[in-house]
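**Q** Got a structure for you, questions after.
The values are calculated or read from the model by the stated rules, or taken from the named source; none is laboratory data. None of these values were measured; they are calculated from a predicted model. Cβ coordinates were reconstructed from backbone atoms using ideal geometry, including for glycine residues, and neighbour counts include every protein chain displayed. With ligands, DNA and RNA removed, areas are computed over all heavy atoms of the protein, side chains included. Shrake-Rupley method; radii C 1.70, N 1.55, O 1.52, S 1.80 Å.
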Amino acid sequence: LDANVANLRAAVTWLATGEHGDAEASLRLATELYEFFDVRNHQPEAKALLALALETAPTAPTRMRARALAQLGNLWLTNYEQAETFYHRSIEVMAASEEDGWQPAALFGMAAVAKLRGDYEAALAIVRDLLHRSSETGDAIARAQSLLDLGHVLQQSGRSEEALSYLSESLQICEQTGDIIGVAWARKMQALALLDQGCTDESELLLTQAIATFEHVGEAISATFCRIDLVRVLLIADPVRVPELLSQAIAEIQPVADVFIASDLIDTGAAVLLKNGDAVTALELLGTTDAWRRATGTALSPSLTLMIDEIRSSATVQLGQRAATAASIRGERRSLREALSRLQVSIVSCDDVTAIGPPTTAMV
């Protein structure tokens, strides 16, 4: 696909607008290319192709149009209201159709938006409904995804022990169906739930396995996401490895426009810098992510709230309230990309985070 993407992109456009084109074929091709563009972080291009194909294929099969609308919702997740608009349209298209079956993608998206906003009960309600539907229809792939999302929402809402059983079942189904990507995601989520419980050895192993799988199939962004989680594990288990691993994650994310990974990386970097004695930069970084969350309506999970509160408290003790407030305000004026650049420069001096002493489990 990498070698032929230019031709495929041109094919979507020609099929949609060419004199002898085929609008339905254009939409089918655009929806099939969605995952490739998403993995390669070409979201703007995917948005444009899907929008064009949808506009020129108003009579395409209902399920195909619903799928395309849900994919557009996924591509607009940085704007929750816009994403919800596409998800609702996808659901409405299917509801108005006489076709049998259901379209889970939009419902998964609605659950993701609720989770990102911190409305965990709404997210749980949606995912439990998805789990019920997938069980009734015998859709193993949707059931595995439902179990994964249910475990993730539970972990994010501070119910990690309860999450593990659902994640284990999702992992088992993915192994049975040969879904190696699903296996990797289940391992990543298991690692987070175990880290919440202080099980660093198990968490490190699972994240290492997930990274290897994502790298093997070319999902570089997913591998980077896991690497950031691994940094938090190693802050407890093996701090000497942290600066190099964090630098690698920064280098991987710099060319990418994924704001969710960027904010996660910046918050994690703040924890590393504080342990290296750089309380000023740590607070500046947190100021940036705080401002981004306020602007987008993104909520913090309980575990991340605990980490950030401890960073802010420790840094304020070191600097004093006035200096701490000034550092946070400076950070609020920076974009996520500027904060990443600031982190990249600062992490170069972190040759040995063990000199500051090991972090507490709550810190991570």
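**Q** Going through region 233-271 one residue at a time, which ones are touching a Leu at 6+ places or on another chain (Cβ under 8 Å) and among the β-branched types (Val, Ile, Thr)?
**A** Once the filter is applied, which keeps residues that are touching a Leu at 6+ places or on another chain (Cβ under 8 Å) and among the β-branched types (Val, Ile, Thr), region 233-271 yields VAL233, VAL242, ILE250, ILE253, VAL259, ILE266, THR268.
**Q** Please find, among ARG159, ARG187, ARG143, ARG89, the residue that is more than 24 Å from CYS226 (Cβ to Cβ) and not hydrophobic (A, V, I, L, M, F, W, C). If you could, list the steps in order and put the result at the bottom.
**A** On the way: ARG159 fails: more than 24 Å from CYS226 (Cβ to Cβ); ARG187 fails: more than 24 Å from CYS226 (Cβ to Cβ); ARG143 fails: more than 24 Å from CYS226 (Cβ to Cβ).
That would be ARG89, the only listed residue that is more than 24 Å from CYS226 (Cβ to Cβ) and not hydrophobic (A, V, I, L, M, F, W, C).
**Q** Suppose we filter LEU150, LEU130 for residues that are crowded, with 20+ Cβ neighbours inside 10 Å and either within 19 Å of the chain's Cα centre (by Cα) or not hydrophobic (A, V, I, L, M, F, W, C) (or both); which single one remains?
**A** Working: LEU130 fails: either within 19 Å of the chain's Cα centre (by Cα) or not hydrophobic (A, V, I, L, M, F, W, C) (or both).
It is LEU150.
**Q** Criterion first (closer than 18 Å to ALA105 by Cβ and either open to solvent by 40 Å² or more (accessible area, probe 1.4 Å) or part of a helix (DSSP H, G or I) (or both)) does ALA184 satisfy it? Don't jump to the end; show me each part of the working.
**A** Numbers: closer than 18 Å to ALA105 by Cβ: no; either open to solvent by 40 Å² or more (accessible area, probe 1.4 Å) or part of a helix (DSSP H, G or I) (or both): yes.
So ALA184 does not fit the description; no.
**Q** Also: Please go through region 57-101 and give me each residue that is more than 20 Å from ASP258 (Cα to Cα), touching a helix residue (DSSP H, G or I) at 6+ places or on another chain (Cβ under 6 Å) and in a loop (DSSP other than H, G, I, E, B), ordered by number.
**A** Within region 57-101, ALA57, ALA60, SER97, GLU99 meet the criteria.
**Q** So, one more: Can you tell me which condition SER263 does not meet? The list is (1) open to solvent by less than 20 Å² (accessible area, probe 1.4 Å); (2) more than 26 Å from TYR80 (Cβ to Cβ), and all the others hold.
**A** The failed condition is (2).
**Q** Just the residues that are over 23 Å from ALA249 (Cα atoms) and either under 22 Å from the mean Cα position of the chain (by Cα) or surrounded by 19 or more Cβ atoms within 10 Å (Cβ to Cβ) (or both), please, taken from region 325-349.
**A** At the first step, the residues of region 325-349 found to be over 23 Å from ALA249 (Cα atoms) are 325-330, 333.
Correct list: ALA327, SER328.
**Q** Test ALA251 against the stated conditions and say whether it is among the aliphatic types (A, V, I, L, M), assigned to a helix (DSSP H, G or I) and either out of contact with any Lys or Arg (no Cβ under 9 Å at 6 or more places or on another chain) or surrounded by fewer than 17 Cβ atoms within 10 Å (Cβ to Cβ) (or both).
**A** Values: among the aliphatic types (A, V, I, L, M): yes; assigned to a helix (DSSP H, G or I): yes; either out of contact with any Lys or Arg (no Cβ under 9 Å at 6 or more places or on another chain) or surrounded by fewer than 17 Cβ atoms within 10 Å (Cβ to Cβ) (or both): yes.
The answer is yes for ALA251.
**Q** Applying the selection to region 153-178, what residues are hydroxyl-bearing (Ser, Thr, Tyr) and either in contact with an Asp or Glu (Cβ under 9 Å, 6 or more places away or on another chain) or surrounded by 17 or more Cβ atoms within 10 Å (Cβ to Cβ) (or both)?
**A** Answer for region 153-178, where residues must be hydroxyl-bearing (Ser, Thr, Tyr) and either in contact with an Asp or Glu (Cβ under 9 Å, 6 or more places away or on another chain) or surrounded by 17 or more Cβ atoms within 10 Å (Cβ to Cβ) (or both): SER157, SER160, TYR166, SER170.
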